[in-house]
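Structure, as C-alpha cells:
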Amino acid sequence: MKFFRVALAAITAAAIYLPSAASGGEIACATTYAGRRITLVVPNAAGGGYDTYARAFAPALASTTELDVRVVNMPAAGGFAALKRVTNAPSDELVLMIESVSDIISQGDIPAGVDNWMNRLNPIGLIHIDPEAWIVRKDVDLQSAKHLVASVSSLEAGILPIVLTAHLLDIKVDVVSGYEGSGALMSALLRGEGDMTSNSLTTGLRSTAAGEAKVGLVLTEGPDPNAPGVAFLAGEGGLVWQRSQGLSKEKQEERLRLAIAVAKASATARGFFAPADMEQKSLGCLRDAVSAAVKSDGFKVALEAQKRPIEPRDADETVIVINDMLSAFHEAEAYLKKHPELERDARATR
C-alpha cells in the first residue's frame, strides 16, 4: 500500500547537519545568502490555512536571513505540483515548502527508484501538530453507531483516519471520495451526502462554529483540551476502550495499541521542508534560519493575530516527531496488510 511506503533511515539522515557555530557560522551564511532570495512554496490556494501560516512566516524568515522571501501558491494536483517543484529544484536554489508530514507520505506517482517523497526532502522545522477529528452530523451518535457514510477527498487519504478508525470502533463505513477541500467536504455533510468526514481539529472547530455539525471524535490518546467534552479515540476511557469492552483482553489490547498508532500517524504535523539535493552549505544556513524563525516572537504574534495555533519545533525536534509518526505508520501498515478487505469493503458503490 503506497500510502505507507516510507524509509525511516532517510528521515534520520536528513538531520545530520549540525547548527552553525556562533558568529563564524553567521558570517559564512551571510556570504552564502549574498544576492539570493528564498522561495516558500505553498501547496494550497491563497487564503487557506497553509497560506496563512506561510505569509505569517515569511517576514520572520526574512528577518533571520535578511533576504527577500517570496510566497508562491501551487495548489494544482492536490499538492503534487508543489512537491515536484521543490524536490526538482536546482541544488543552488533557496527553496522550501510548507506541508503536512502525512500529506507528503501519502503522495503517489513517485519517480522510479525512490521509495517515498520524504526521501527527497529535508525536514527543517515544525509549526504545530494538530490532531485529526471526525466531523459528524448533529444527529450522529458515535457511542452506538453501526454504519456510517464518510465523505473524503480520496480513499487513500481516509485509510487511517476513517477506515481503520471505524474498524477499531466496530463501525461499518462506506467511503465516498472525490471532494476537493474542506469546504466541499463540509457542504457534502450539510447536504446529507454523508454522515461524517475528517479533518484537523482546528479546521473542524472552525467549520462547526455555526452549530450545523459537530466535532464528534478527536483522534488523540486522551482528552484534548481544545475540544472539552468531545470523545477521544485512544487510551483508557476513549471510544475504542468503551466500544471494545465485550472483547477478550487480548483483542481489546490490540485495538487500544492500534488506536494509539492511528492517533499519532493521522495527526497533521505542519512543517517546513527543503530539497534533499540542496547544496550542503545552503541547507545548513537555511536550516538554522528556519529553526530560529519558527520560534521567533514575530511569528508567534502574527499567528495569534490570525487565531492560528503554534507549537514550534526546530529541525532536530522535527526529525524526532517524524520518526515517531513513521513508527506509527509502520504499525498500522502491518495490520492493514493482514486485513486488505478493510480498504475493499470501504469503497462505496455510488
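The values are calculated or read from the model by the stated rules, or taken from the named source; none is laboratory data. On a predicted model such as this, the values are computed, not experimentally measured, just so you know. Note that we place each Cβ from the backbone using ideal geometry, even for glycine, and neighbour counts take in every protein chain shown. Heads up: the accessible areas ignore ligands, DNA and RNA and are worked out on the full protein's heavy atoms, side chains in. Shrake-Rupley method; radii C 1.70, N 1.55, O 1.52, S 1.80 Å.
Quick notes on this one:
- Summed over the residues of the chain and divided among them, the accessible surface reaches 43 Å² per residue at a probe radius of 1.4 Å.
- Percent of Cα-Cα distances greater than 38 Å, calculated over the chain: 17 percent
- Looking at the chain, the DSSP beta bridges with both ends there are about 55 percent antiparallel.
- For region 300-316, Karplus couplings with θ = phi - 60° (6.51, -1.76, 1.60), whole Hz, Gly/Pro x: 4, 5, 5, 6, 4, 5, 8, 6, 10, x, 9, 9, x, 9, 7, 4, 5
- Averaging the Cα positions of each part gives two centres, and for region 121-191 and region 234-249 these lie 21 Å apart.
- The H on the amide N of Val95, modeled in the peptide plane, is under 5 Å from the matching H of Thr39, each at least 5 residues off or on a different chain.
- Out-of-range pairs (alpha-carbon distance over 25 Å; input Lys146/Lys307; Lys172/Lys338; Lys172/Lys307; Lys214/Lys249; Lys84/Lys300; Lys146/Lys251): Lys146/Lys307; Lys172/Lys307; Lys214/Lys249; Lys84/Lys300
- Under Karplus coefficients 6.51, -1.76 and 1.60, residue-wise ³J(HN,Hα) of region 243-258 in Hz, glycine/proline x: 7, 10, 5, x, 8, 5, 4, 5, 5, 5, 5, 5, 5, 5, 5, 5
- Amide H contacts under 5 Å for Gly125, placed H, 5+ residues apart: Phe272
- For a paramagnetic label modelled on Lys338 (point 7 Å from Cα along Cα→Cβ), amide N atoms under 14 Å away belong, within region 131-172, to 168.
- Förster-model FRET efficiency, 51 Å R0, Lys295 and Ser248, C-beta, rounded to 0.05: 0.60
- Accessible-area composition of region 157-220, carbon plus sulfur, in percent [1.4 Å probe]: 49 percent
- Distances between placed amide hydrogens fall under 5 Å for Asp130 paired with Thr268, Ala269, Arg270, all partners being 5 or more residues away or on another chain.
- Relative contact order for the chain: 26 percent, from Cα pairs under 8 Å spaced at least 6 residues apart, divided by residue count.
- Taking the longest Cα principal axis of the chain as reference, the axis of helix 22-33 is set at about 90 degrees.
- The string of couplings for region 175-189 from the Karplus curve (6.51, -1.76, 1.60, θ = phi - 60°) is 9, 9, 10, x, 7, 10, x, 4, x, 5, 5, 5, 4, 4, 5 Hz, one whole number per residue in order, with x for Gly and Pro.
- Protein accessible area in region 245-301, 1.4 Å probe - carbon and sulfur %: 49 percent
- As a rough guide to protection, the peptides 128-139, 175-186 ranked by mean Cβ packing within 10 Å, highest first, stand as 128-139, 175-186.
- Peptides 61-70, 141-150 ranked from most to least packed give 61-70, 141-150, packing being the mean of other C-beta atoms within 10 angstrom over each peptide's residues.
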